[in-house]
Structure formats: structure tokens, C-alpha cells
1. Exactly one condition in (1) over 20 Å from the mean Cα position of the chain (by Cα); (2) more than 21 Å from residue 121 (Cα to Cα); (3) part of a helix (DSSP H, G or I); (4) modelled with pLDDT of 55 or more is false for residue 10; which is it?
2. Scanning segment 152-177 for residues that are surrounded by 12 or more Cβ atoms within 10 Å (Cβ to Cβ) and not in a helix (DSSP H, G or I), which turns out farthest from the chain's Cα centre (by Cα)?
3. Looking at segment 56-67, which of the residues that are assigned to a helix (DSSP H, G or I) and either touching a strand residue (DSSP E or B) at 6+ places or on another chain (Cβ under 6 Å) or surrounded by 23 or more Cβ atoms within 10 Å (Cβ to Cβ) (or both) is modelled with the lowest pLDDT?
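The values are calculated or read from the model by the stated rules, or taken from the named source; none is laboratory data. Remember, it's a predicted structure, so these values are computed and weren't measured experimentally. Neighbour counts run over all protein chains shown; Cβ positions are idealised from the backbone, glycine included.
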């Protein structure tokens, strides 16, 4: 029993440290009222992801979920169709890190929409794909932050107003790949060379 209590206490402390770290760098929330009403949000992911996140977002004043998409075809259409200011995308929608490529495609069709990606299990594959394919205008947060209503509201509010934010832990993971070139081809080449060096047989 004492060991179980220690493990539980350790997990609680880790959660508190995560929350404190996010608090320290979270952008201040914009308080001014919008002339056109609530900010229009679309959510893109599996059905359960969409339902859970919709409930969290809609509990916040000034935010409105205008549509959700659970297929790639729907996802490509809804930002423009509903005049969304922000699209929130599950990084693993359609497969591990597949939401990153989908977001890039949607971004090309809907340049006026801001994007926020939510990472579940942050693997090396997700880190590499974010480093290569993401743009500086995307916000990226963890699932832990997304589950905290206040942190989620802060991140969304900032993204809607054009302030991108990447969670500190995710930023540290991305920094291990070095400074990002503005060229997509150069970033691809950099990752290829890195992987070849780490695994010559690959």
C-alpha cells in the first residue's frame, strides 16, 4: 500500500509541475470583446476527440464550435465553409502524426484560418514531422494542456488573435533537430541525413 501511495503522489506532483510550467509561459488572455461575437472554431479529429474537445471549448465564453470533421474530406472543406478563425487538429488523426500533413493541406486552402495542433503521445516521429512540415504560424500543445480548461482557453484565445504558442516541452523536443531552414526540401534533407547518420543501415 505505501508503494502505491508513493506512485500516486509522484504522479500528482508531476501533474502539478507540468501545470506550473505551462502557467509560467502561457500567453495572457485577450479580454477585449469582439464586435462580431464569439470566435469561430472548427475541430478536426476522430469522433470521440471532437466530442470531448467541443465540450471543453464551448464552456468558455467568447468561443463557439461551428463545425467538427471526422474525415479528411470534411476537414478540407469546413474552415472555409464556416468562416473559421481557428482549426484545432488532432496530430494523430488518420494515423501517427498524419494530422500534420492534413493540416498543411488545409492551411493551403484556408490561409486566413489559424491552426492549433494537439499532441497525444509525443513520439520522435511526431517531433520529426512537426519539425519538417509545420509552419511558424501553427500553435502546438499537449493533450495534458488541452485537458486543462483555463490553459486551453488561453492558448485558443492567443491563436485566434494571431499569437502562436508552442508548449515548452514540445519546443525542447523540436530544438534537438537544430535551427529550422525556411526551405521544406532542406528540412527534409536534414532529417534524412540525421537518420542516416544514426542508422547507417537504414
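1. Status for residue 10: all satisfied but (2).
2. 177
3. Quick first cut of segment 56-67, residues assigned to a helix (DSSP H, G or I) only: 56-58.
Then keep just the ones that are either touching a strand residue (DSSP E or B) at 6+ places or on another chain (Cβ under 6 Å) or surrounded by 23 or more Cβ atoms within 10 Å (Cβ to Cβ) (or both); that gives 57-58.
Working: 57: 90, 58: 87.
Ranking the candidates gives 58 first.
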